[in-house]
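I have placed the structure first, in the form of structure tokens, so that the comments after it can refer back to it.
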Amino acid sequence: MQKQRVDSGDRQMQNFLGSILRIGVLTSAFVVVAGAILYFMQHHSEAMDYTVFKSEPTRLRHVHTIVAEAMQLRSRAVIQFGLLILIATPVARVFFSLIGFILEKDKIYIVITSIVLCILCLSLFSGYLVF
Amino acid sequence: MTTLFIVLFVGAILAGFLGSLTGLGGGVVLVPLLTLGFGIDIRYAIGTSLISVIATSSGAASAFLKDGLLNIRIGMFLEIATTLGAIAGAAIAYYAPTHIIAIIFGFVLLYSAAVSFRKSKMAEDLHDQGKVKHGRFAQLLKAKGTFTDKTGGEVDYKLQHVGGGLAVMTVAGVLSGLLGIGSGALKVIAMDSIMKIPFKVSTATSNFMIGVTAAASAGIYFSRGYIDPVLSMPVMIGVLVGSLLGARILLKSQTKSIRVLFAVVIVFLAIEMIYNGILKSI
């Protein structure tokens, strides 16, 4: 078996994917903290009760209503928006891996990565499907 | 509520710290903490945990990526199994009664504890490369790699039993989606024990995969309303801070003693989860 070094292309891709993850997590954390500050300004005396499960209202479950409410700086929607950025971060990592494999013309991994991306999209858009 | 906010935040820092240090993820501590400690409904706990698992994984993985330890290709391939499993797990969680989920959680915790004990013995083992049978499937996947060890030397490795690895990864995905944990222990077993990937590479790649796996089920939990913004914010930020601290230390030191301590804590939590599950008080 011949020796195989981690070539510079792979190294570049790893650095880039690392940046994607870092930027995604930091952006998400920033938005969530901003939402938290807004929350304490808007609802400072409200009690939290999570001992009984009641599903979140529909407006805090769908991307388009969350974005619309976050634009009006409604605290819960701003936090949800931050959480959506977080969920999207690994998906972005997979997407940019796909670009990387396309640039490297690595056919097997283009197929593999596309499959993973499809599965993730199925989950992310499940709210709009009957599921 | 400010007190609860602060306590949740501190608890989440601890969970994230231990989770990334041991490679097991923050979820294994977080869900019992939220349900047993705060009496929070397990569905909220699982939703919140999934969110923080993504934060832990992505935060720690960016450090691992810089280190060049992980294998992006094999991770991506195995993610087919973990994401499909995660979606199945989230679907099962929708129909399973909560006390059954608590009992399953308890047994998975016990298993994680057993793995932690075992790993503390063999963490530094490098598999005998002469014995690794590089199968046709592994060759097709170009599944091999190189990493730089502590002394600065480059170590090449191959891997075997890709099918067995895939099967265990599917189970890891189901448990992740069902219980809101990263399933790091099982992922490491699939790579390290079955596929014979060096332990440090397995841990780093596992951490990398956890985020994608959790995102697959988090999308479903999110659209079902299991993820509450007010509960998630202190937990997510806390876990993130804790995991970044943990990742720093992991890259520098041996984690043997912490593993054993962590295993003892997990056994205790596991018994509590199973007990409360049987009493149907969860």
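Kindly indicate whether any position in the stretch A:88-111 is surrounded by 19 or more Cβ atoms within 10 Å (Cβ to Cβ), in contact (Cβ under 8 Å) with a residue 40 or more places away in the chain and of a type in the set (A, V, I, L, M, F, W, C). There is at least one residue in the stretch A:88-111 that is surrounded by 19 or more Cβ atoms within 10 Å (Cβ to Cβ), in contact (Cβ under 8 Å) with a residue 40 or more places away in the chain and of a type in the set (A, V, I, L, M, F, W, C).
Only one of (1) assigned to a helix (DSSP H, G or I); (2) over 24 Å from residue A:18 (Cβ atoms) is not met by residue B:240, so which one is it? Of the numbered conditions (1) assigned to a helix (DSSP H, G or I); (2) over 24 Å from residue A:18 (Cβ atoms), the odd one out for residue B:240 is (2).
Inside the stretch A:16-62, residues that are closer than 18 Å to residue B:218 by Cβ and touching a residue at least 60 places away in the same chain (Cβ under 8 Å) make up a count of 7.
Would you say residue B:191 is over 14 Å from the mean Cα position of the chain (by Cα), surrounded by 24 or more Cβ atoms within 10 Å (Cβ to Cβ), of a type in the set (A, V, I, L, M) and assigned to a helix (DSSP H, G or I)?
no
Considering each of B:225, B:219, B:242 in turn, give the residue that is at positive phi and at pLDDT 85 or above. After applying the criteria, what remains is B:225. Within the stretch B:255-280, being over 18 Å from the mean Cα position of the chain (by Cα) and either at pLDDT 80 or above or surrounded by 15 or more Cβ atoms within 10 Å (Cβ to Cβ) (or both) holds for B:268, B:271, B:272, B:273, B:274, B:275, B:276, B:277, B:278, B:279, B:280. When the stretch B:71-97 is filtered for residues that are in contact (Cβ under 8 Å) with a residue 40 or more places away in the chain, farther than 15 Å from residue A:119 by Cα and more than 8 Å from chain A (Cβ to nearest Cβ), the ones remaining, listed by number, are B:71, B:74, B:75, B:92, B:93, B:94, B:96. Within the set B:90, B:86, the sole residue that is of a type outside the set (Asp, Glu) and over 21 Å from residue B:205 (Cβ atoms) turns out to be B:90.
Look at the stretch B:1-51 and say how many of its residues are modelled with pLDDT of 90 or more and hydroxyl-bearing (Ser, Thr, Tyr). Number of matching residues: 4. Being of a type outside the set (Phe, Trp, Tyr) and touching a helix residue (DSSP H, G or I) at 6+ places or on another chain (Cβ under 8 Å): is that true of residue A:51 here? No; evaluated as a whole, the condition is false for this residue.
Checking each residue in the stretch B:40-68 for being farther than 22 Å from residue A:88 by Cβ, more than 7 Å from chain A (Cβ to nearest Cβ) and surrounded by fewer than 24 Cβ atoms within 10 Å (Cβ to Cβ) picks out only B:67. Taken over the stretch B:217-231, the residue count meeting the criterion of being in a loop (DSSP other than H, G, I, E, B) and among the β-branched types (Val, Ile, Thr) is 1.
Residues in the stretch A:24-61 that are within 15 Å of the chain's Cα centre (by Cα), more than 7 Å from chain B (Cβ to nearest Cβ) and surrounded by 15 or more Cβ atoms within 10 Å (Cβ to Cβ): A:26, A:27, A:28, A:31.
The values are calculated or read from the model by the stated rules, or taken from the named source; none is laboratory data. Please read these numbers as outputs of a predicted model, since none were measured by experiment. Note that we place each Cβ from the backbone using ideal geometry, even for glycine, and neighbour counts take in every protein chain shown.
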